[in-house]
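*Asks:* Dumping the structure here so I can ask a few things about it.
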Amino acid sequence: MAGSRGRQQLPTIEGCRKLTASSLPDPVLTPRERSIINLVASGMSAKEAAISLEIAPRTVEKHIDQARLKLRAKNRTHLVAMALSAGIITDARL
């Protein structure tokens, strides 16, 4: 214990629950966010989704960012994975 004076012990990982989409409270995604997630999951870029929805690509990016924050996803790929595990993605084209 000679070198541990003044240092705080970190908690162990045991007993900690892994954070997943199913362990989060149900995020309230807008219908537009849901439709854009479906388009992105089917392989469309933001520009392609914007053309399909007749909105600006930057608007699509903002919707993706908002959905990513609501689902606590790290990036676009993680967003799609979280949406799949939460049952948000419903498009049969996947």
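Rule-based calculations on the coordinates, nothing more; no lab input. Since the structure is predicted, the reported quantities are computational estimates derived from the model, not experimental observations. Every residue, glycine as well, gets a Cβ built from its backbone with ideal geometry; the counts of neighbours run over all protein chains shown.
*Asks:* Given 0.36 nm per residue, what is the gain on full extension from Ile55 to His78 after removing their alpha carbon distance, in nm? Could you put the intermediate results ahead of the total?
*Replies:* Numbers: separation 23, 0.36 × 23 = 8.28 nm, distance 2.40 nm.
The Ile55-His78 span can extend by a further 5.9 nm.
*Asks:* Given contacts defined as C-alpha pairs under 8 Å and at least six residues apart, what's the relative contact order of region 27-86, whole-number percent?
*Replies:* Value for region 27-86: 33 percent.
*Asks:* Give the peptides 28-35, 78-85 in descending order of average Cβ contacts within 10 Å, highest first.
*Replies:* Those peptides, ordered most packed to least, come out 78-85, 28-35.
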